[in-house]
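Asks: Got a structure for you, questions after.
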Amino acid sequence: MGYVDRELTELEVLRMEEHLRECDSCSAELEGFRRLKEVTQNMRVLMPDDKYWEIYWSNIYNRLERRIGWILLSLGSILLTSYGLYYVIARLLLQGDIPLAVRIGVVALVVGLCTLVISVLRERIFFSKSDKYERIKR
Amino acid sequence: MNLIDEGSAIERCKKGDREAFAPIVQKYMKPAYYVALGYVGNPEDALDLSQDAFVNAFRHIKRFDSSKSFFPWFYSILKNLCMNHLNRLRRRREDSIDEMAEEEGQVPIPIEAVGPEDRVVQKDLEVKIGQALQRLRPKDREIIILQHFQDYSYQEIANLLGIPMGTVMSRLYSARQALRRELERMGVSY
């Protein structure tokens with residue numbers, strides 16, 4: 001390969017040429033690679049327009065910046081929702097005229113919801129790297 | 001940007017300076033695109049995935065040893081993203097009865113001729129070579145794009161991919177054989 005791409009040292013080139021004089025199969029293979037290189041040497045992979053490269057960095061920067069925004073938004077939402085839920089449930093449970101079944105139902109609903117959320121989060125965070133259905137052929 | 005400048009830029013990134021990441025992105029955005037294109041074979045996806053990789057790299061920059069070259073570390077992030085993308089596409093093709101999903105990602109890699117030969121080289125040879133490239137394994141396609149089409153030297157490829165020169169040569173050998181076999185199978189004469 002180095003011979004085709006002119007990546008060999010002078011000594012390596014001499015050794016290569018000596019071998020090629022004696023080995024027809026290597027010569028033929030080398031000729032094939034040379035033809036391939038000749039055909040493709042003036043070809044380039046089409047690049048995206050310059051405008052994409054001009055905005056490349058700003059796309060990345062905006063995404064990095066937005067991540068902080070999303071984190072703050074999520075934290076704020078969780079805090080406000082949690083406080084709101086706590087306030088409503090506490091008022092509900094403290095009211096004497098609410099039937100016991102309703103109070104138990106509310107507590108069960110909240111505990112069940114929290115359990116589900118924690119379970120899903122745990123699965124996503126800790127087990128998302130392995131797909132348990134990977135070995136099952138479709 | 002030499003290794004020392006790169007190292008100091010990364011140290012600033014580790015302290016949360018997003019602007020310090022700009023010269024690193026500018027330096028490596030095109031090689032990142034070529035590597036991603038080699039893996040996924042689709043220019044739009046390659047552009048998106050290369051940007052995703054830079055975002056991920058910045059998020060995990062504290063794990064990086066700034067005394068070493070950035071790209072080989074970044075390359076592993078990019079490669080993982082590309083392989084995940086390919087796995088998602090494969091699962092979608094397996095699940096979908098839609099023919100469009102079957103053909104997704106099978107568009108020829110866009111190739112253009114430059115220089116005086118562009119009048120001689122037939123347009124459909126470019127398309128055929130793009131199709132043949134698309135059918136190669138990602139590893140083969142990646143190294144062909146870097147060496148054949150973008151003229152990176154063996155040393156540059158070795159530095160980019162974090163592999164020894166000998167590995168560059170052996171991968172290039174098998175990639176060229178694969179490309180020749182594919183072109184022969186397609187009946188392309190050149």
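The values are calculated or read from the model by the stated rules, or taken from the named source; none is laboratory data. These numbers come from a predicted model, not from an experiment. Positions of Cβ are generated from backbone atoms using ideal geometry, with glycine treated the same way; all protein chains shown enter the neighbour counts.
Asks: Just to confirm my filter: which helices (runs of 4 or more DSSP H) fall fully inside the stretch B:1-59 and include at least 2 residues that are of a type in the set (K, R)?
Replies: B:3-14, B:22-40
Asks: Inside the stretch B:1-41, can you point out the residues that are more than 12 Å from chain A (Cβ to nearest Cβ) and of a type in the set (S, T, N, Q)?
Replies: B:N2, B:S8
Asks: Of the residues A:E38, A:E54, only one is surrounded by 10 or more Cβ atoms within 10 Å (Cβ to Cβ) and acidic (D, E); which? Explain how you work it out, then say what you get.
Replies: On the way: A:E54 fails: surrounded by 10 or more Cβ atoms within 10 Å (Cβ to Cβ).
Of the residues listed, the single one that is surrounded by 10 or more Cβ atoms within 10 Å (Cβ to Cβ) and acidic (D, E) is A:E38.
Asks: May I pose another question? List, please: which pairs have Cβ atoms under 7 Å, are six or more places apart or on different chains, and start with a residue in the stretch B:53-73 that is touching a residue at least 40 places away in the same chain (Cβ under 8 Å) and end with one that is among the acidic types (D, E)?
Replies: From residues that are touching a residue at least 40 places away in the same chain (Cβ under 8 Å), the pairs are B:S66/B:E11; B:F70/B:E6.
Asks: Determine if the stretch A:30-43 includes at least one residue that is among the small types (G, A, S), within 14 Å of another protein chain (Cβ to nearest Cβ) and out of contact with any helix residue (DSSP H, G or I) (no Cβ under 8 Å at 6 or more places or on another chain). Full working, then the answer.
Replies: Step one: filter the stretch A:30-43 for residues among the small types (G, A, S), giving A:32.
Add one more test, that the residue is within 14 Å of another protein chain (Cβ to nearest Cβ), and what stays is A:32.
From the residues that got through so far, the ones that are out of contact with any helix residue (DSSP H, G or I) (no Cβ under 8 Å at 6 or more places or on another chain) too are none.
Looking for residues that are among the small types (G, A, S), within 14 Å of another protein chain (Cβ to nearest Cβ) and out of contact with any helix residue (DSSP H, G or I) (no Cβ under 8 Å at 6 or more places or on another chain), one finds none in the stretch A:30-43, hence no.
Asks: Same structure, new question: Looking for something of a type outside the set (A, V, I, L, M), farther than 20 Å from B:I145 by Cβ and in a helix (DSSP H, G or I) - is there at least one such residue anywhere in the stretch B:64-73?
Replies: Step one: of the stretch B:64-73, the residues of a type outside the set (A, V, I, L, M) are B:64-73.
Going one step further and asking which of them are farther than 20 Å from B:I145 by Cβ, we end up with B:64-70, B:73.
Pick out the ones that are also in a helix (DSSP H, G or I) and you get B:70, B:73.
Within the stretch B:64-73 (the criterion being of a type outside the set (A, V, I, L, M), farther than 20 Å from B:I145 by Cβ and in a helix (DSSP H, G or I)), the answer is yes, since at least one residue qualifies.
Asks: Further question: For the stretch B:70-85, which positions are surrounded by 16 or more Cβ atoms within 10 Å (Cβ to Cβ) and out of contact with any His (no Cβ under 9 Å at 6 or more places or on another chain)? Break it down stepwise before answering.
Replies: Initial filter on the stretch B:70-85 (surrounded by 16 or more Cβ atoms within 10 Å (Cβ to Cβ)): B:70-71, B:73-75, B:77-79, B:81-82, B:85.
Hits for the stretch B:70-85 are B:F70, B:F71, B:W73, B:F74, B:Y75, B:L78, B:K79, B:L81, B:C82, B:H85.
Asks: Would you check which residues across the stretch A:1-25 are within 12 Å of another protein chain (Cβ to nearest Cβ) and not β-branched (V, I, T) and list them?
Replies: A:M1, A:G2, A:Y3, A:D5, A:R6, A:E7, A:L8, A:E12
Asks: Scan the stretch A:52-94 for residues that are part of a helix (DSSP H, G or I), under 26 Å from B:E19 (Cα atoms) and aliphatic (A, V, I, L, M) and report the count. Walk me through it before giving the result.
Replies: As a first pass, look at the stretch A:52-94 and keep what is part of a helix (DSSP H, G or I): A:52-54, A:56-94.
Now drop any that are not under 26 Å from B:E19 (Cα atoms), which leaves A:52-54, A:56-75.
Narrowing the set further to residues that are aliphatic (A, V, I, L, M) leaves A:60, A:64, A:68, A:71-73, A:75.
Number of matching residues: 7.
Asks: Looking at B:G41, is it closer than 16 Å to B:L146 by Cβ and touching a residue at least 60 places away in the same chain (Cβ under 8 Å)?
Replies: Values: closer than 16 Å to B:L146 by Cβ: yes; touching a residue at least 60 places away in the same chain (Cβ under 8 Å): yes.
So B:G41 passes the test.
Asks: Taking only pairs six or more apart or across chains, which ones have beta-carbon atoms under 7 Å, a first residue in the stretch B:1-12 that is in the same structural domain as B:Y28 (by TED's automatic domain parsing) and without any contact (Cβ under 8 Å) to a residue 60 or more places away in the chain, and a second residue that is of a type in the set (V, I, T) and in a helix (DSSP H, G or I)?
Replies: So the pair list comes out as B:A9/B:I24.
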